[in-house]
Amino acid sequence: MCGIAGWIDWKRDVSQYRKVIEVMTDTLSHRGPDARGVWLLPNVALGHRRLVVVDPEGGSQPMTRKKGKRECTIVYNGELYNGEELRSDLEARGYIFQTRNSDTEVLLMAYIEWGPLSVERLNGIFAFAVWDETEQSLFLARDRLGVKPLFYYEYTDGLIFGSELKALLAHPEIEPRLDAEGLAEVLVMGPARTPGHGVYQGVKELKPGHYMVFNRKGVHIHRYWRLENRPHEDDAEITAARILDLLQDTVSRQLVADVPVCTLLSGGLDSSALTAFAVRVFEREGRGRLHTFSVAYEGSEQYFTPDLFQPDTDNHWVQKVSESLGTVHHSVTIDVNELHETLDSAQWANDLPGMADIDSSLYLFCREVRKEATVALSGECADEVFGGYPWFYGKGIQNTSVFPWMRMLDERMNMLSPEVVNHIRPREYIADRLHDALAEVPRLRQESTWEAKMREMTYLSITRFMPTLLDRKDRMSMAWGLEIRVPFSDHRLVEYVWNIPWGTKTYGGMPKGILRKALEGVLPDEVLARPKNPYPKTHHPKYAALVRNNLLRVLDSTDSPLLPLLNVGKVREAALRGDEVFKLPWFGQLMGDTQYFAFLLQVHWWLKRARVRII
């Protein structure tokens, strides 16, 4: 996996500004620690940082290829899982490849052959840019579900893009200005983000499933993929068999690499299934024993308290699955002090305030995994695709007046200054964003009210909640040059499961029941029956005390840019009192009081480090 950056200007000779593109590119060195490349023409500057995963010798970027009079140059962040098929197709059309198995060259040749429509042929995770010298145009594209990030900024005579916001902010043309909408994205939607929103004024995100062409006439954006409704005529047996086939094929494709590969194992249904399939591939290909990794916390057994959102701990389940499958298992225990100390580092990796210690623990976990492997497979996305979250089953599910993972809005807004609340208008902002999302939902004729409601809930989860978790996983892993692949986001699987009726999805009266049926004989029965359990968090009181004391120091300072945004008295009282402010997680399944205070700390560090100007 890699990092990309670029700058196009129709009036300036950007080749005279090599230092600018080098600085932009080097902000992404964590994404690509193995190599750096810069490519310059009078109107174009492209930068690339490389993490070697496939074809160490042949995959250097930026990469240029010609066919006839056409010359194109690519910078690419991602992985193709159908590269061999595309290569064979292109060779049959007369293309001659210079590399052994570089998917970068395959992608570039595919673009030269099919142009923008090439993205429809891709199976993978990607964000890439192609400069077409003949057409004098830039092509940008992003994968269907948004696994890989891509941001851009358009100005009068040009365009700037990069894998992360920090790359854009390294360009002198861009100032980190925050208007009311950007502030609402952070303080209301956060730690989620509206698709397409770059938070800073003028900065945008290329949405998942979209591509963009930039030429002298400006920006032209096209949507090349969306979820489509089709009648589902397969019975439960055929449906389960199809899911099994898709998962096995997807895992087999995503294990391809020239570097060590592992899986992240929680002992839950999703990660255990991927691990079981990976073990089979390793055995079939003679690759030795698969290595697996799990995360735990200092004092977790002593301080853990079960609830609706986190019913038990993973340790027992991890051991059971690892022993059953014969993996070489590594358990990573997170130190409470370090968890607190790296809140700032996690925020830097994320570019924006994020999921607090849920992020910093993953940041530390990925650091340890990277010592043994360069690629990891994760069970992320199964709950969005198959409907596994508690909000699919809770009371009042028919009421979609709010995003179901966003709660306790009044309590959160009471922590902000009245002036800020009036400025960002939180309830109106959420209502507008929810209206936009629901307007996108594809409808199926003759569908019952209940089925239509569950389709809405699934669509919201896939297009609004899942991107938050995918972005988090990408940022925390790539901070250490670790590539995490997510088989449950394979678009073929997502498309198929999207149209399975809710009654079949919950086969046997169980959440994700059809997935459990598909995995019969693959996993032990007790693992098949295990309830949903999220990525774990710490319950250690020491961590809570560290966060509260740190926040109190910020509140007592005189120069923090956070202070004008808060009702300082209420926040200080809550931090000193130590009582429960939020009766339920205010975001997702894990974000409680301590995570809210840690989130405020991340806002403080972000405003200060990025020198954000609120307008």
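The values are calculated or read from the model by the stated rules, or taken from the named source; none is laboratory data. If you're wondering where the values come from, they're calculated on a predicted model, not measured in any experiment. Here the Cβ positions follow ideal geometry from the backbone for every residue, glycine too, while neighbour counts run over all protein chains shown. Accessible surface is based on the protein model in full, side chains and every heavy atom, while ligands, DNA and RNA are left aside. Shrake-Rupley method; radii C 1.70, N 1.55, O 1.52, S 1.80 Å.
What are the residues in segment 220-256 that are over 20 Å from the mean Cα position of the chain (by Cα), among the β-branched types (Val, Ile, Thr) and under 27 Å from residue 118 (Cβ atoms), if any?
Passing the criteria: 221, 256.
Looking only at segment 182-227, which residues are touching a Phe, Trp or Tyr at 6+ places or on another chain (Cβ under 8 Å), of a type in the set (D, E, K, R) and under 30 Å from residue 407 (Cα atoms)?
Result: 204, 205.
Does residue 379 satisfy the condition of being within 25 Å of residue 536 (Cα to Cα), touching a Ser or Thr at 6+ places or on another chain (Cβ under 8 Å) and open to solvent by 10 Å² or more (accessible area, probe 1.4 Å)?
yes
Sort through 417, 448 and tell me the only one that's among the hydroxyl-bearing types (Ser, Thr, Tyr), open to solvent by less than 80 Å² (accessible area, probe 1.4 Å) and in contact (Cβ under 8 Å) with a residue 60 or more places away in the chain.
Going through 417, 448 in turn, just one is among the hydroxyl-bearing types (Ser, Thr, Tyr), open to solvent by less than 80 Å² (accessible area, probe 1.4 Å) and in contact (Cβ under 8 Å) with a residue 60 or more places away in the chain: 417.
Take the residues in segment 53-79 that are β-branched (Val, Ile, Thr) and in contact with a Ser or Thr (Cβ under 8 Å, 6 or more places away or on another chain), then tell me which one is surrounded by the fewest Cβ atoms within 10 Å (Cβ to Cβ).
64
Across segment 175-191, what is the total count of residues that are open to solvent by 10 Å² or more (accessible area, probe 1.4 Å) and either assigned to a loop (DSSP other than H, G, I, E, B) or of a type in the set (Ser, Thr, Tyr) (or both)?
4
Among the residues of segment 338-376, which ones are among the charged types (D, E, K, R), more than 19 Å from residue 471 (Cβ to Cβ) and open to solvent by less than 10 Å² (accessible area, probe 1.4 Å)?
The answer is none; no residue qualifies.
Does residue 411 fit the bill of being part of a helix (DSSP H, G or I), touching a residue at least 60 places away in the same chain (Cβ under 8 Å), under 17 Å from residue 536 (Cβ atoms) and open to solvent by 30 Å² or more (accessible area, probe 1.4 Å)?
no
Would you tally the residues in segment 61-100 being part of a strand (DSSP E or B) and either in contact with a helix residue (DSSP H, G or I) (Cβ under 6 Å, 6 or more places away or on another chain) or farther than 20 Å from residue 485 by Cβ (or both)?
The number of residues fulfilling the criteria is 13.
Got a sec? Which helices (runs of 4 or more DSSP H) wholly within segment 460-563 have at least 2 residues that are without any contact (Cβ under 8 Å) to a residue 40 or more places away in the chain?
Those helices (runs of 4 or more DSSP H) span 541-556.
What pairs can you find where one residue is in segment 103-116 and free of Cβ contacts under 8 Å to residues at least 12 places away in the same chain, the other is part of a helix (DSSP H, G or I) and surrounded by fewer than 21 Cβ atoms within 10 Å (Cβ to Cβ), and their Cβ atoms are less than 9 Å apart, with a gap of 6+ or different chains?
114/120; 114/121
Looking only at segment 148-173, count every residue that is open to solvent by less than 10 Å² (accessible area, probe 1.4 Å) and among the β-branched types (Val, Ile, Thr) and tell me the total.
1
Among (1) at pLDDT 95 or above; (2) closer than 23 Å to residue 251 by Cα; (3) in contact with a Lys or Arg (Cβ under 9 Å, 6 or more places away or on another chain), where does residue 88 come up short?
Only one criterion in (1) at pLDDT 95 or above; (2) closer than 23 Å to residue 251 by Cα; (3) in contact with a Lys or Arg (Cβ under 9 Å, 6 or more places away or on another chain) is unmet by residue 88, namely (3).
Going residue by residue through segment 224-243, is there one that turns out to be free of Cβ contacts under 8 Å to residues at least 24 places away in the same chain, open to solvent by 70 Å² or more (accessible area, probe 1.4 Å) and among the basic types (Lys, Arg)?
Within segment 224-243, none of the residues are free of Cβ contacts under 8 Å to residues at least 24 places away in the same chain, open to solvent by 70 Å² or more (accessible area, probe 1.4 Å) and among the basic types (Lys, Arg).
Cβ-Cβ under 7 Å, sequence separation 6+ or interchain: first residue in segment 170-185 and under 28 Å from residue 421 (Cβ atoms) and acidic (Asp, Glu), partner outside any loop (DSSP other than H, G, I, E, B) and open to solvent by 10 Å² or more (accessible area, probe 1.4 Å). Which pairs?
From residues that are under 28 Å from residue 421 (Cβ atoms) and acidic (Asp, Glu), the pairs are 175/613; 185/197.
With in a helix (DSSP H, G or I) and either more than 30 Å from residue 321 (Cβ to Cβ) or modelled with pLDDT of 90 or more (or both) as the only criterion, which of 595, 589 stands out?
Answer to the check: 595.
Tally time: how many residues in segment 431-445 are among the hydrophobic types (A, V, I, L, M, F, W, C), surrounded by 13 or more Cβ atoms within 10 Å (Cβ to Cβ) and in a helix (DSSP H, G or I)?
3
Within segment 80-109, work out how many residues are open to solvent by 30 Å² or more (accessible area, probe 1.4 Å) and of a type in the set (Gly, Ala, Ser).
3
From the residues in segment 502-551 that are open to solvent by 40 Å² or more (accessible area, probe 1.4 Å) and among the aliphatic types (A, V, I, L, M), which one is nearest to residue 605 (Cα to Cα)?
546
Yes or no, residue by residue, for (1) within 23 Å of residue 142 (Cβ to Cβ); (2) touching a residue at least 60 places away in the same chain (Cβ under 8 Å); (3) β-branched (Val, Ile, Thr); (4) open to solvent by 10 Å² or more (accessible area, probe 1.4 Å):
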{"position": "13", "(1), (2), (3), (4)": "no, no, no, yes"}
{"position": "27", "(1), (2), (3), (4)": "yes, yes, yes, yes"}
{"position": "38", "(1), (2), (3), (4)": "yes, no, yes, yes"}
{"position": "41", "(1), (2), (3), (4)": "no, yes, no, yes"}
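Restricting attention to segment 569-597, which residues are open to solvent by 40 Å² or more (accessible area, probe 1.4 Å) and either in contact (Cβ under 8 Å) with a residue 40 or more places away in the chain or in contact with a Lys or Arg (Cβ under 6 Å, 6 or more places away or on another chain) (or both)?
570, 583, 584
In segment 1-56, which residues are of a type outside the set (D, E, K, R), assigned to a strand (DSSP E or B) and within 21 Å of the chain's Cα centre (by Cα)?
If the condition is that a residue be of a type outside the set (D, E, K, R), assigned to a strand (DSSP E or B) and within 21 Å of the chain's Cα centre (by Cα), then 2, 3, 4, 5, 33, 48 are the ones that fit.
Please verify whether segment 552-560 includes one or more residues that are crowded, with 18+ Cβ neighbours inside 10 Å and within 26 Å of the chain's Cα centre (by Cα).
For segment 552-560, residues crowded, with 18+ Cβ neighbours inside 10 Å and within 26 Å of the chain's Cα centre (by Cα): absent.
Residue 425: touching a residue at least 60 places away in the same chain (Cβ under 8 Å), touching a strand residue (DSSP E or B) at 6+ places or on another chain (Cβ under 9 Å), of a type in the set (Lys, Arg) and farther than 30 Å from residue 255 by Cβ, yes or no?
So residue 425 does not fit the description; no.
Condition check: modelled with pLDDT of 95 or more, part of a loop (DSSP other than H, G, I, E, B) and of a type in the set (A, V, I, L, M). Does residue 199 satisfy that?
yes
Identify the residue in segment 133-170 that is assigned to a strand (DSSP E or B) and of a type in the set (A, V, I, L, M) and, among all such residues, is nearest to the chain's Cα centre (by Cα).
141
For residue 118, which of the numbered conditions (1) part of a helix (DSSP H, G or I); (2) open to solvent by 10 Å² or more (accessible area, probe 1.4 Å) fails to hold?
The one condition residue 118 does not meet is (2).
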